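All remarks here apply to the structure that follows.
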Amino acid sequence: EDHQATFQEVMKEASPFNFLLTKVTGIPAEFNNKLSVHIKDILSVEMGELVESAQFNFMHDIPWLMEQYPAEHRSKPLLIVHGEERQGKVTLHEGAQNFPNITMCQAKLDMIYGTHHSKMMLLLYTNGLRVVIHTANLIEQDWYQKTQGVWISPLFPKLDKSQMSSDGITGDSITHFKKDLVEYLTMYKSFSLLRWKQHILQHDFTSAKVFLVASVPGRHTGESKNKWGHMKVRKVLGKQGPQASFVKNWSVAGQFSSVGSLGADQSKYLCGEWLQSMLSAKGVGTLYAAKDVTIKTLKLIFPSKENVRTSLEGYPAGASIPYNIQNARKQQYFHAFLHKWKADKRGRSRASPHIKTYALLSPDSKNAAWFMVTSANMSKAAWGTLEKNGNQLMIRSYEIGVMFLPEYFVDGGEQFSLVEDQSTEATPYFPIPWDVPLEPYTKADRPWVWDIPYTDKPDSHGNAWIPG
Ligand SMILES: O=C(O)c1cnc2c(C(=O)O)cccc2c1O
């Protein structure tokens, strides 16, 4: 149908997961009316009357961002949290100089090669506070013809003074989302974020049913080792994850838009460390030893060269998929796990993915035991790497995402259905972005690599790709 769903209708349909995709220009209206939002919808007055907001991101086009706020909200205080340094910081401040309501917060990047990847909006309204965790940069290109993920929190009402206790966190949920978010903000050690920490402490987060999965740069030891990156996933799944017996032979799906250097062979980081965390379950450390991992255990979704060439944007979509030939050449083993980007169900097979999602899939791919949407790509910098004989987790970048576990949405829930017409009350449908079953690369397929030329076949705009 062509009627434009109102934002209230969209949010009603999105409940209880509130996991949506960004609208895509150039696909049939029905796919933009179903569980889809544009940034203007998120910032609209329909969401509440804004008092002030904070925009955490990697790239900010400030004049464009200001245009996305409704006129009556453009003068409200706005905190920009970024990781720019040197000339990038100068350019960013130039973009902000005409807006007196903007304050800048430069996240400290103590680890070399680290970036401020986290993408989050904190929205304080006259009647409550909302958290939006997503995957899109605050630039027009990221909200135009890509597949991006957005989690929009329920409206968290203000606690009244009587409910506030002097110590500890009041008004948290059983997933400790509020406590974890406060700890994440505290790690910035930034005065301007103290204000937002107070706002969060003063609101009631009991309706937050997701787990926060975040990364902050540093060498984390002791209890802190399990607070961030893939070790947070290991902790949550080990305590609140699926029963190991229930998910035997299930597969980890990882979907991302960039890949780091993962080491000389799969047994080291990919299957030996990262996958061990993703395969964690209740009642057992992990489901597989690294040596027993096969391509059935780990299914990775990453755009092929053909996915990029035939995408709505054409080869330029690849400018946001920074997998370099130097790393690709060193880890051919990685390519054996790869599957194409395919999202016919959501009308987004040609909307190049910038979203990052992870899940535990049943052998027939019809169910998932958990689902995660995050800024974190497939890299050590994002998820962390264990050092000092496993006693220290070294993370380079800021990342943030949310994890959905069935039992927090359905009493005794063990799995989500990924096939809408096979969902039940006990096994609710979860609107994943990509099609199942997953489609492996053919022998002819190659992962997209961004720093080599493609002149053999023109893209959807008739152009070749000759990197600078
Ligand atoms: O969204 C992000 O966090 C993000 C981070 N990095 C990049 C790079 C790079 O790091 O070279 C190149 C192109 C796009 C992105 C991008 O979209």
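The values are calculated or read from the model by the stated rules, or taken from the named source; none is laboratory data. Bear in mind that the values here come from a model prediction, so they are computed numbers and not experimental data. When we count neighbours, we look across all protein chains shown, and the Cβ atoms used for this are built from the backbone with ideal geometry, even at glycine. Ligands, DNA and RNA are stripped out before the accessible areas are found, and what is left, the full protein with its side chains, is counted by its heavy atoms. Shrake-Rupley method; radii C 1.70, N 1.55, O 1.52, S 1.80 Å.
Pairs linking a residue in the range 135-155 that is within 22 Å of F302 (Cα to Cα) and charged (D, E, K, R) to a residue that is in a strand (DSSP E or B) and within 14 Å of the ligand (Cβ to nearest atom), with Cβ atoms under 6 Å and 6 or more positions apart or on different chains, are K146/S352. Looking at the structure I just gave you, is A368 surrounded by fewer than 22 Cβ atoms within 10 Å (Cβ to Cβ), touching a strand residue (DSSP E or B) at 6+ places or on another chain (Cβ under 9 Å) and either charged (D, E, K, R) or not in a loop (DSSP other than H, G, I, E, B) (or both)? Criteria not met by A368. Note on the range 159-208: residues that are closer than 17 Å to N127 by Cβ and loosely packed, with under 15 Cβ neighbours inside 10 Å amount to 4.
Let's see how each residue does on (1) among the small types (G, A, S); (2) farther than 26 Å from V24 by Cα; (3) modelled with pLDDT under 95:
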position: A351; (1), (2), (3): yes, no, no
position: T357; (1), (2), (3): no, no, no
position: A369; (1), (2), (3): yes, yes, no
position: N391; (1), (2), (3): no, yes, no
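Answer yes or no as to whether A343 is within 16 Å of the ligand (Cβ to nearest atom), out of contact with any His (no Cβ under 9 Å at 6 or more places or on another chain), open to solvent by less than 20 Å² (accessible area, probe 1.4 Å) and closer than 24 Å to S36 by Cβ. Here the answer is no, as A343 does not meet what is asked. Set side by side, the residues Q8, Q97, Q106 differ, and just one is of a type in the set (S, T, N, Q) and modelled with pLDDT under 95, which is Q8.
Of all the listed residues (V373, V449), the sole one being within 16 Å of the ligand (Cβ to nearest atom), within 27 Å of S173 (Cα to Cα), of a type in the set (V, I, T) and under 24 Å from the mean Cα position of the chain (by Cα) is V373.
Residue-by-condition table, conditions (1) under 30 Å from Y69 (Cβ atoms); (2) assigned to a loop (DSSP other than H, G, I, E, B); (3) touching an Asp or Glu at 6+ places or on another chain (Cβ under 7 Å):
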{"residue": "A136", "(1), (2), (3)": "yes, yes, yes"}
{"residue": "Q141", "(1), (2), (3)": "yes, no, no"}
{"residue": "V150", "(1), (2), (3)": "yes, no, no"}
{"residue": "P154", "(1), (2), (3)": "yes, yes, no"}
{"residue": "D167", "(1), (2), (3)": "no, yes, no"}
{"residue": "T170", "(1), (2), (3)": "no, yes, no"}
{"residue": "S173", "(1), (2), (3)": "yes, yes, no"}
{"residue": "D180", "(1), (2), (3)": "yes, no, no"}
{"residue": "L185", "(1), (2), (3)": "yes, no, no"}
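Suppose the filter is closer than 26 Å to H134 by Cβ, of a type in the set (A, V, I, L, M) and buried (at least 23 other Cβ atoms within 10 Å of the Cβ); does L418 pass it? Taking the combined requirement at face value, the residue satisfies it. When K235, K239, K268, K248 are checked against the criterion of being outside any helix (DSSP H, G or I), within 25 Å of A214 (Cα to Cα), open to solvent by 40 Å² or more (accessible area, probe 1.4 Å) and away from the ligand (no atom under 16 Å from the Cβ), K268 stands alone in meeting it. The criterion of being touching a residue at least 24 places away in the same chain (Cβ under 8 Å) and among the basic types (K, R) holds for K158. Of the residues making up the range 423-444, those that are open to solvent by 70 Å² or more (accessible area, probe 1.4 Å) and closer than 14 Å to F409 by Cα are T424, E425. The condition of being under 22 Å from the mean Cα position of the chain (by Cα) and aliphatic (A, V, I, L, M) holds for only one of M104, M120, that being M120.
I'd like the full set of residues that are more than 17 Å from Y454 (Cβ to Cβ) and not polar (S, T, N, Q), limited to the range 317-334. K330, Y333, F334 - these are the residues of the range 317-334 that are more than 17 Å from Y454 (Cβ to Cβ) and not polar (S, T, N, Q).
Across the range 378-399, a minimum of one residue is classified as charged (D, E, K, R) and more than 24 Å from L181 (Cα to Cα).
Exactly one residue out of S153, S173 is more than 16 Å from the ligand (Cβ to nearest atom) and under 16 Å from the mean Cα position of the chain (by Cα), and it is S153. Of the residues in the range 96-109, at least one is closer than 15 Å to H199 by Cβ and either more than 16 Å from the ligand (Cβ to nearest atom) or surrounded by fewer than 18 Cβ atoms within 10 Å (Cβ to Cβ) (or both). Note on the range 312-340: among residues that are under 15 Å from A464 (Cβ atoms) and in a loop (DSSP other than H, G, I, E, B), the one that is most open to solvent (accessible area, probe 1.4 Å) is E313.
Could you list, in sequence order, the residues of the range 51-71 that are open to solvent by 10 Å² or more (accessible area, probe 1.4 Å), outside any loop (DSSP other than H, G, I, E, B) and either within 16 Å of the ligand (Cβ to nearest atom) or of a type in the set (A, V, I, L, M) (or both)? Result: V51, H60, W64, A71.
The condition (being within 16 Å of the ligand (Cβ to nearest atom), buried (at least 21 other Cβ atoms within 10 Å of the Cβ) and under 18 Å from K380 (Cα atoms)) is satisfied by just one residue among P217, P303: P217. When R74 is tested against the conditions (1) more than 27 Å from T310 (Cβ to Cβ); (2) crowded, with 21+ Cβ neighbours inside 10 Å, the lone failure is (2).
Here W383, W450 are screened, and the one residue that is open to solvent by less than 20 Å² (accessible area, probe 1.4 Å) and not acidic (D, E) is W383.
Of everything in the range 126-142 that is of a type outside the set (S, T, N, Q) and open to solvent by 10 Å² or more (accessible area, probe 1.4 Å), the residue that is nearest to the ligand (Cβ to nearest atom) is I139.
Does A281 qualify as being open to solvent by less than 10 Å² (accessible area, probe 1.4 Å), under 24 Å from the mean Cα position of the chain (by Cα) and at pLDDT below 95? Yes, satisfied.
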